[in-house]
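A quick write-up on the structure given underneath.
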């Protein structure tokens, strides 16, 4: 007999070689019908895998992230089989599950695949799925695996890097693939599939290698879920920040300036400035001091910090000068510069904490294929700050930063989020710098703060920064998509590397603890996500134009200017449209520009000294005075813009 521990802590005894599905059946037949994947002692297993030792078993359904991962991984196998059957002579490479769906990288040889072929591939996948073929894992020797793929250089390369005795295949129907496991019971569970797109992808992500065709797809256990997902995709297209940014004239890109380097237009620059001022005001209340650092730094600075060793190849090439052996880098991070600002003088424990903040622009050489609008760029501005404090101050300082992040989210309408405590993976110590004891202290400090603040949080192994653990805020937008926004990191390592000190109450020299934090993360990415979350309908306090004054004809131009002046006196951002166009056209254009309120002026409004107000979306608010309207605007701003 073996003892199986379930996630709720209960322990049940089963005969050796019982499977996860046997365990599920012992709980209920209904549960067994819904289980599609499992994990045993931190290893993903099939639902039919014999369990031979005591251990912790977690069962997954479609509603679990791990369940979806197994579902989509299995669907990638079906996609690969469909492609092999439809296009003779292709060479398969790898096909993982991704956040939404799956892909398979394929060397199609002389075949060309486009969106015209998607339906054919989908039909073949559904035909295969209806066969209800079981997924079955088996071990193979290295020699056997190499023989199977003797005509496939991609699979051969993968196998050459594996140890004999660790190689496994997954079989279903007439198809077999090199695979580590993690599948649903059979293909019949796949009821609906959609091929979403094709794109170029270099083998192993290396531009020096051959470019393959990456086929993206998604699948579901019900047709209804696919229909809903496709509707969501269409809404996402309508909300695409690249489309909205162009329509609202916020930003642009230029090939002459360079890929991944956004140019902010006047309206976008004003939007950024309002976001910066909003955070600066809160930071000032919280005791931060603004600093400014250069856009470049000597290479040695980033060697000292450890960034060059970890991210050197992702940086722009060093800038050389006429002086021998002198090299500079475009700044990839602000923290080394802030360490040097701290090192400018000797501090006492009475001076701490020191909170240095900067909207610092940094540069990283992202691969051209990975660039995407504002969410993945080569030059971006971080709302960066670094707090240097005593170990005794760490808890309160960390909690204060949590309060600041929550204030930012609340004022911008991000209400649905979870906190993620990102810790190191003890199995890969080479990924991190510093002593284990310091890591343990830092990780525990974050967990304690998250608990004390009542955050809904999860712990994710292996997601820490190389120099320290962090608290990441995972926000769901209006479409239910999850984004990482806002991060707080505890760092014992950079103070060591930069030899940062302060004089303690015992008159001895001590190391400060460093907190890295960025509530927005990067201005570019944050604005992109905010654009898509709000569909361009920003909170009223943030809107570039809050009111558009529309005159019925040129006769009311003077009254329109008077109303505009009154609104501006109330600090309302307004523009006037007194062109000789129809009022219908003026309203349509104001609607397209997402202007929250339209003030319409004609003869009766001028005679009575009033304004007719129309809200974005068509709601008529009637005729009121400018003062009353200003009160309405102020009340709405106060409702959304939280007090810090």
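Cut-off is 10 Å between beta-carbons; in what order do 477, 627, 403 appear when sorted fewest neighbours first?
Final ranking by Cβ density, sparse to dense: 627, 403, 477.
With each run of n ≥ 4 DSSP H residues scored as -39500 (n - 2.57), what mean residue ellipticity at 222 nm is computed for the chain after dividing by its residue count and rounding to the nearest 500 deg cm²/dmol? Taking each H run of at least 4 residues, the total per residue is -10500 deg cm²/dmol.
Run the simple label-point estimate for residue 191 and residue 171 please: 7 Å along Cα→C-beta, distance reported in nm. The two pseudo-label positions are separated by 3.0 nm. If you take the Cα centroid of region 6-48 and the Cα centroid of region 267-333, the two points sit 50 Å apart. Applying 1/(1 + (r/R0)^6) with R0 = 60 Å to the Cβ-Cβ distance of residue 42 and residue 571 gives a FRET efficiency near 0.60. Ranked by the mean number of other Cβ atoms within 10 Å of their residues, highest first, the peptides 581-587, 78-84, 179-185 come out as 78-84, 179-185, 581-587.
Neighbour counts of other Cβ atoms within 10 Å put 516, 295 in the fewest-to-most order 295, 516. Normalising the average separation of contacting C-alpha pairs (under 8 angstrom, six or more residues apart) by the number of residues puts the relative contact order of the chain at 9 percent. Working from label points 7 Å from Cα in the Cα-to-Cβ sense, the residue 277 to residue 34 distance is 5.2 nm. A protection proxy built from the mean count of other Cβ atoms within 10 Å ranks the segments 165-173, 617-625, most packed first, as 165-173, 617-625.
Over all directions, average the projected area of the Cα convex hull of region 66-238 and note it in nm². Please list the in-between numbers first.
Working: hull surface 41.6 nm².
Spelled out: convex hull of the Cα atoms, projected over all directions, averaged, 10.4 nm².
Between helix 583-592 and the chain there is an angle of about 40 degrees, using the helix long axis and the longest principal axis of the Cα atoms. For the peptides 23-32, 481-490, the ranking by packing is 481-490, 23-32, with the highest mean count of neighbouring Cβ atoms within 10 Å listed first. How large, in Å, is region 489-644 by the Kirkwood hydrodynamic radius built from its alpha-carbon pairs? Here the Kirkwood hydrodynamic radius works out to 18.9 Å. Each Cα pair under 8 Å and six or more residues apart adds its separation to the average, and for region 2-61 the resulting relative contact order is 42 percent. Taking the C-alpha atoms only, the angle from helix 65-86 to the longest principal axis of the chain is near 70 degrees. Over region 547-640, what is the relative contact order in whole percent, taking alpha-carbon pairs under 8 Å and six or more residues apart? Reported relative contact order: 28 percent. Each of residue 447 and residue 501 was given a label point 7 Å from its Cα along the Cα-to-Cβ line. The distance between the two points is 3.4 nm. Between 0 and 90 degrees, rounded to the nearest ten: what's the tilt of helix 626-640 against the longest Cα principal axis of the chain? For helix 626-640, the angle is close to 30 degrees.
Using alpha carbon coordinates only, what is the Rg to Rh ratio of region 35-165, with Rh defined as the Kirkwood radius? Don't jump to the answer; show the numbers that get you there.
Details: Rg = 16.7 Å, Rh = 16.8 Å.
Result for region 35-165 is an Rg/Rh of 0.99.
Cβ crowding within 10 Å, taken as a proxy for footprinting-reagent exposure, orders 311, 556 from fewest neighbours to most as 311, 556.
Every read-out reported here was derived from the displayed coordinates using simple, explicitly stated rules and does not represent laboratory data. None of these values were measured; they are calculated from a predicted model. In this analysis, Cβ positions are derived from the backbone assuming ideal geometry, glycine residues included, and neighbour counts consider all displayed protein chains.
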